[in-house]
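As structure tokens, the structure follows; a few thoughts come after it.
The values are calculated or read from the model by the stated rules, or taken from the named source; none is laboratory data. Since we're looking at a predicted model, the values are computed, not measured. Note: ideal-geometry Cβ built from the backbone for every residue, glycine included; neighbour counts use all protein chains shown. Just so you know, the surface numbers come from the protein's heavy atoms only, side chains and all, with ligands and any DNA or RNA stripped out. Shrake-Rupley method; radii C 1.70, N 1.55, O 1.52, S 1.80 Å.
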Amino acid sequence: MKTFKLATALVASVALPSAVYATDLEVTHWWTSGGEAAAVAELANAFNAAGDNWVDGAIAGGGSTARPIMISRITGGDPMGATQFNHGQQALELVEAGLMLDLTDVAEAEGWADKVFPPSLLEACTVDGRIYCAPVNIHSPEWLWLSNQAYEDAGLPVPTNWTEFVASGPELEAAGKIPLALGNQAWQSNLAFNAITVAVAGLDVWKQVNVEKNMDVAAGPEMAAVFTAVGDARKLAANSTVQDWNQATNLVLSGQAGGQIMGDWAQGEFQVAGKVAGTDYTCLPGLGLNAYLSTGGDAFYFPKNRSADVEAAQKRLAALLVSPEVQVAFNLKKGSLPIRGDIDLEAANDCMKKGLEVLASGNLVPSGDMAWSPDVVKQNEDLMVEFFKSGMTPDAAHTQWVSNLKSGL
């Protein structure tokens, strides 16, 4: 595989061609934590170096806060130049309404079909054979991040899987630690549930439920075991009172909590804090039980605009986002994996290398956002919030979850 030298490659490949077409382009996104801001700066710097002007439109509060604002602007006739969405169906209605720019010509000129890996990422951008978004990363939620310091303080070995982590909970609490850091937001509870599903039930069960839509399997014993495990997670997170995901990550990197179930974007926070993978913290893809990762992540869509200059800048940015140099620079800061199969991240840390190994192995599952409608996703988020904040039994939560899935068939 080819290795790219960023210091010279960025200037050589993107600084000159479009400089004469300098255009302001507002880009909305929800990347506001320390690690996220460092990563998005790589995109902005590359776009600016190419001669255009990235007008940052960061929206605090995460995707659930930002998406309604973005959609309202687009449907209300006040479109931004580009906007972040997750891979999947979040922008499908906007595409079907004719509000998004067709990027097929860019994708064909840049050879995206031969370079984007896995192919499901480009498929998620495709509607009726036309391509409407530029994928920028692969984000996988199925990670358990562990504080080596917390376990050292408690006189315990660092766990190697979820089972050992659960068993360590009482001793961590006795040492004054929060076993599981979990932010009090719906998507975080749902992320933990989905990660535990892949880890405990395995890939085959996940596919039967989410791809084949087999409701008998959804209601069966394998998923019942998942809800029991989620009940364990609820106990471990009982004393976690923070709100945002990066606040929960801070509990781990500061040694106040034993671990966190969170996507690989947590790596960006560890990196900003100067923590070293394998020394200060340990990462377990698939929670150490099943080394599977989902292939969700982020993509940029480009709302239609009446200005020919803006449309040209939109297409320049789309091509730039998928370029190998920008893929390297951005994903090293973001903690995510690149969407190209033809680049070598020789600078990757231990955790990113683990992710790349899983990606190369083919042990992948689609993102749940690709498998279910936003309505079903929202119902399950609400269910997980209720479960984590109430005395609902695992059996009752399991029954309601199956009912939510059936509503989306």
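The calculated P(r) of the chain, using every Cα pair and 20 Å bins from 0, goes 28, 58, 15, 0 in percent. TYR292 contributes about 40 Å² of solvent-accessible surface, heavy atoms of the protein only, 1.4 Å probe. For the stretch 114-235, the Kirkwood radius over C-alpha pairs fed into Stokes-Einstein at 20 °C and 1.002 mPa s yields D = 125 µm² per second.
Using a 1.4 angstrom probe on heavy atoms only, work out the carbon and sulfur share of the accessible area of the stretch 346-409 in %. Roughly 51 percent, rounded to a whole number. Compactness check for the stretch 165-244: Cα Rg over 2.2 N^0.38 Å is 1.23.
The heavy atoms of GLU152 offer some 140 square angstrom of accessible surface to a 1.4 angstrom probe. Running a GNM on the chain with Cα contacts under 10 Å, which residue among ALA347, ALA291, ALA308 ends up with the highest mean-square fluctuation? Judging by the Gaussian network model, the answer is ALA308.
Would you kindly give the portion of the calculated P(r) for the stretch 359-409 that falls above 16 Å, as a percent of all Cα pairs? I get 48 percent for the Cα pairs in the stretch 359-409 exceeding 16 Å.
Straight-line reach from LYS177: taking Cα to Cα under 12 Å and skipping same-chain neighbours fewer than 8 places apart, the aspartates and glutamates in range are GLU152, ASP153. With all protein chains in place and ligands, DNA and RNA left out, the 1.4 Å accessible area ranks GLU36, GLU108 as GLU108, GLU36, largest first.
Reported to the nearest whole Å, the Cα centre-to-centre distance from the stretch 358-409 to the stretch 293-320 is 30.
Taking the Kirkwood radius as Rh and the Cα radius of gyration as Rg, the stretch 74-152 has a ratio of Rg/Rh equal to 1.15.
Among the trypsin sites (Lys or Arg not before Pro) within the stretch 337-409, those in coil by DSSP and having at most 14 neighbouring Cβ atoms inside 10 Å are LYS389.
Heavy-atom accessible surface of the chain, averaged per residue, reaches 39 Å², computed with a 1.4 Å probe.
When you restrict to C-alpha pairs under 8 Å that are six or more residues apart and normalise by the size of the chain, the relative contact order lands at 28 percent.
For the stretch 39-90, the alpha carbon positions stretch 31, 24, 21 Å along the principal axes, listed from largest to smallest. Note on the stretch 306-357: the alpha carbon radius of gyration divided by the globular reference 2.2 N^0.38 Å gives 1.43.
Heavy-atom accessible area with a 1.4 Å probe sorts ASP102, ASP264, ASP216, largest first, into ASP216, ASP102, ASP264. For the chain, modelled as a GNM whose springs connect Cα atoms under 10 angstrom apart, the maximal fluctuation among ALA238, ALA134, ALA39 occurs at ALA238. Could you tell me what percent of the DSSP beta bridges with both partners in the chain are antiparallel, to the nearest 5? Percent antiparallel among DSSP bridges in the chain is about 60.
Of the cross-linked pairs LYS304/LYS333; LYS333/LYS406; LYS275/LYS389; LYS115/LYS333; LYS207/LYS315, those separated by over 28 Å at the C-alpha level are LYS304/LYS333; LYS333/LYS406; LYS275/LYS389; LYS207/LYS315. Here the accessible area is traced with a 1.4 Å probe on the protein chains. For the stretch 39-161, carbon and sulfur cover 49 percent of it.
Of the three principal axes defined by the Cα atoms of the stretch 65-112, the extents in descending order read 34, 20, 18 Å. Computed in the context of the full set of protein chains, the accessible area of the stretch 194-297 at 1.4 Å probe radius has 45% of its extent on carbon or sulfur. Taken along its three principal axes, the alpha carbon spread of the stretch 269-409 comes to 52, 51, 31 Å, from the longest extent down to the shortest. A 1.4 Å probe, protein heavy atoms only, puts the accessible area of ILE131 near 20 Å².
Accessible area ranking (1.4 Å probe, heavy atoms, ligands and nucleic acids excluded), largest first, for VAL209, VAL127, VAL55, VAL276: VAL276, VAL55, VAL127, VAL209. The amide H of TYR281, built 1.01 Å from its N in the peptide plane, has ASN148, VAL276 as neighbours under 5 Å, considering only residues 5 or more places off or on other chains.
Reducing the stretch 229-265 and the stretch 100-168 to their Cα centroids gives an inter-centroid distance of 20 Å. Taking only the alpha carbons of the stretch 181-325, we obtain Rg and Dmax values of 19.3, 57 Å in that order.
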